[in-house]
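Okay, structure first, notes after.
Every number here is computed from the coordinates shown, using simple stated rules; none is lab data. As the structure is a computational prediction, the values presented were derived from the model and not from experiment. Using ideal geometry, Cβ is built from the backbone for each residue, glycine included, and neighbour counts are taken over all protein chains shown.
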Amino acid sequence: MIVTKICVIGMGYVGLPTALMLAVSGHTVIGCDIKGQLIEKLKSGTFDSPEKGLNALYHHARQLGSIVFCEMPMAADAYILALPTPIGSSGRADVSAIHEVARHIAPLVKPGNIVVLESTVPPGTTKDLAEWIGEPRALYAHVPERVLPGNLLHELKHNGRIIGGLSTEATRKTAEIYHSFVAGKIRETEASIAEIAKLMENTYRDVNIALANEFAKVCDHLGISAQEALTIANEHPRVNILSPGLGVGGHCIAVDPWFIVQSCPEEAQLIRTARQVNDAQPVFVLNLLKKMLEGSLLQRRVAVLGLAYKADVDDARESPSRAFLTLLESEGAQVRVHDPLVSSLEKWQTEPLEALFPWADAVVVATGHSAYYQLEDHLIQQARGDVRVLDAPGILDTERWEACGISIATVSSSGRVRAQVL
Ligand code: SAJ
């Protein structure tokens, strides 16, 4: 294996683990980020993460002495950019972080160096990056990240990777680097194909969840249990419908489909509609709750469980809880919140469940944290006997709640609950 000096730019949830993996796989690594405090922590050995295995990998890399951290990029053989690409105020992808880094590394990049873009980007951005850097003899490739927070290190090693170079030499040389730590299949292709393939992956998931959310609405309207119907439909060997819930959050699936829509607004009708369906899901859940509380939320006390964008992560970016909490307050409800991993979301501060349960007229599970499935009986017993419980992702242990005389509605069972109870 060729030992390479690699500068990884962006020490976020993708860049840092990638840098550490490279550092324990025989490379010399420079990890950069403009966040001074983060770099200080990484340098001083005080970095701490809830992500499984990350702390151990960090200490291992430091012991090997194969990684240094700094705020500005330094000269290397290869540069890997793992930077955020959010949706900007114009509704288009904001690639300014990539543009800015291109400006910084332009004087460092030499002919034959490798420049890899891992950020999810609109089609054509890898080519733009090469132009922004302006060293046409460097080797450019898009290698989209594919990891799931919570299982990051396993996925980084075992997931297949797409390597899409602007030239075959770029693809081949970039693949050599990734072969040093990836056990999954490495798929070599062109940059534009890698870019659109990554967007297809997340769009597929978004459209699938939108379909599940729409099925939940349809079944609610018809007075049918969507949950049972979805379970049965998914028993077909070629059907795999995902689960309805409060909506789609996170900085990937709720964002990336727009990159396709911005590139082809006329062609991407289904993709746009799926985004809109998922964005509107908190309104559907709000209306279910309203029906459960006899039509009005005015002055009703609602405890919302879950601020994170999905189960068992401490990340609330684009969380559908935000829209839901805002809607609740606009209806005049009194709102208090809890999350085992996120301490606050804007003005909403986590409070102990012991304080919320005796207080609440209604409990809404927004995020399917395993802590909510595992709730202890003494906590459930603190809920009021007439409390209404709406479990959006459908994760509560219904038997234990029912043993306390409390019935539970979920987004996918609301049709049946409505037909029977409401
Ligand atoms: N969700 C549902 N129903 C489901 C599954 C998820 O409502 O059945 C919701 C979640 O609660 C969450 C949102 O969808 O709010 C997104 O969660 P996720 O677990 O589907 O995805 P992310 O955004 O955490 O990670 C995705 C992954 N992409 C795919 O699985 C195709 C991951 O591999 C990517 O690395 C990541 O996007 C990314 O960065 O692109």
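Assorted remarks:
- Assigned charges on the beta-carbon of Lys, Arg, Asp, Glu; the range 1-122 dipole about Cα centre (debye): 140 debye
- Under the convention that each Lys and Arg Cβ holds +1 and each Asp and Glu Cβ holds -1, the size of the dipole of the chain around its Cα centre is about 480 debye.
- FRET efficiency for Asn234 and Glu188, using Cβ-Cβ distance with R0 set to 35 Å, rounded to 0.05: 0.55
- Distant-in-sequence amide contacts of Arg161, defined by a placed amide H-H separation under 5 Å and a gap of 5 or more residues or a different chain, comprise Lys185, Ile186, Arg187.
- Cα-based shape type of the range 1-77, given that a ≥ b ≥ c are square roots of the gyration tensor eigenvalues and the cut on a/c is 1.5: oblate
- Among Phe181, Phe357, Phe324, the ranking by other beta carbons within 10 Å of each residue's beta carbon, starting with the fewest, stands as Phe181, Phe357, Phe324.
- Between His60 and Asp128, the modelled labels are 3.7 nm apart [label points 7 Å from Cα along Cα→Cβ].
- Dipole magnitude for the range 296-422: computed about the Cα centre from +1 point charges on Lys and Arg Cβ and -1 point charges on Asp and Glu Cβ, it is near 440 debye.
- Reported to the nearest whole Å, the Cα centre-to-centre distance from the range 51-115 to the range 221-238 is 44.
- In sequence order, the range 347-358 has phi-based couplings of 7, 8, 10, 4, 10, x, 4, 4, 7, 7, 4, x Hz under the Karplus curve 6.51 cos²θ - 1.76 cosθ + 1.60, θ = phi - 60°, and Gly or Pro positions carry x.
- Positive-end residue of Ala141, Ser225, Leu211, charge dipole of the chain with Cβ unit charges: Ala141
- Global form of the range 254-412, assessed from the alpha-carbon gyration tensor, a/c cut-off 1.5: prolate
- Between 0 and 90°, nearest 10: helix 269-279 axis offset from the chain longest Cα axis: 60 degrees
- Neighbour counts of C-beta atoms inside 10 Å place Arg103, Arg384, Arg62 in the sequence Arg103, Arg384, Arg62, starting with the fewest.
- Against the chain, whose longest principal axis is taken from its Cα atoms, helix 96-105 shows a tilt of about 20°.
- Think of the range 25-161 as having a plus end and a minus end, set by charges on the Cβ of Lys, Arg, Asp and Glu; of Ala78, Ser66, Gln37, Ser66 sits farthest toward the positive end of this dipole.
- Among beta bridges that DSSP assigns inside the chain, antiparallel share in %, nearest 5: 10 percent
- Per residue Cα convex hull volume in Å³ - calculated over the chain: 153 Å³
- Packing here is the average count of other Cβ atoms within 10 Å per residue, and on that basis the peptides 327-337, 234-244, highest first, run 327-337, 234-244.
- Quarter the surface of the alpha carbon convex hull of the range 187-325 and you get the mean projected area, 11.2 square nanometres.
- Derived scalar couplings ³J(HN,Hα) [the range 223-231; Karplus, 6.51 cos²θ - 1.76 cosθ + 1.60; whole Hz; x for Gly, Pro]: x, 10, 6, 5, 4, 5, 4, 5, 4
- Within the range 1-108, none of the GluC sites (Glu not before Pro) combine a DSSP coil assignment with at most 10 other C-beta atoms in a 10 angstrom radius.
- Rounded if a/c under 1.5, otherwise prolate or oblate - the range 145-215, Cα gyration tensor axes: oblate
- In this structure the amide hydrogen of Gln381, modeled in the peptide plane, comes within under 5 Å of no amide hydrogen from residues 5 or more places off or on another chain.
- Computed FRET value (nearest 0.05) for Glu176 with Val218, which takes r as the C-beta separation and R₀ as 45 Å: 0.35
- Spacing of the two label points (7 Å from each Cα toward its C-beta) at Ala280 and Ser343, in nm: 3.9 nm
- Unit charges at the beta carbon, dipole of the chain: most positive-side option, Ile406, Ile260, Leu270: Ile260
- Between Asp312 and Tyr204, residue separation times 0.36 nm minus the direct Cα-Cα distance comes to 36.6 nm.
- If the segment from Cys70 to His104 were pulled out straight at 0.36 nm per residue, it would be longer than the present Cα-Cα gap by 10.9 nm.
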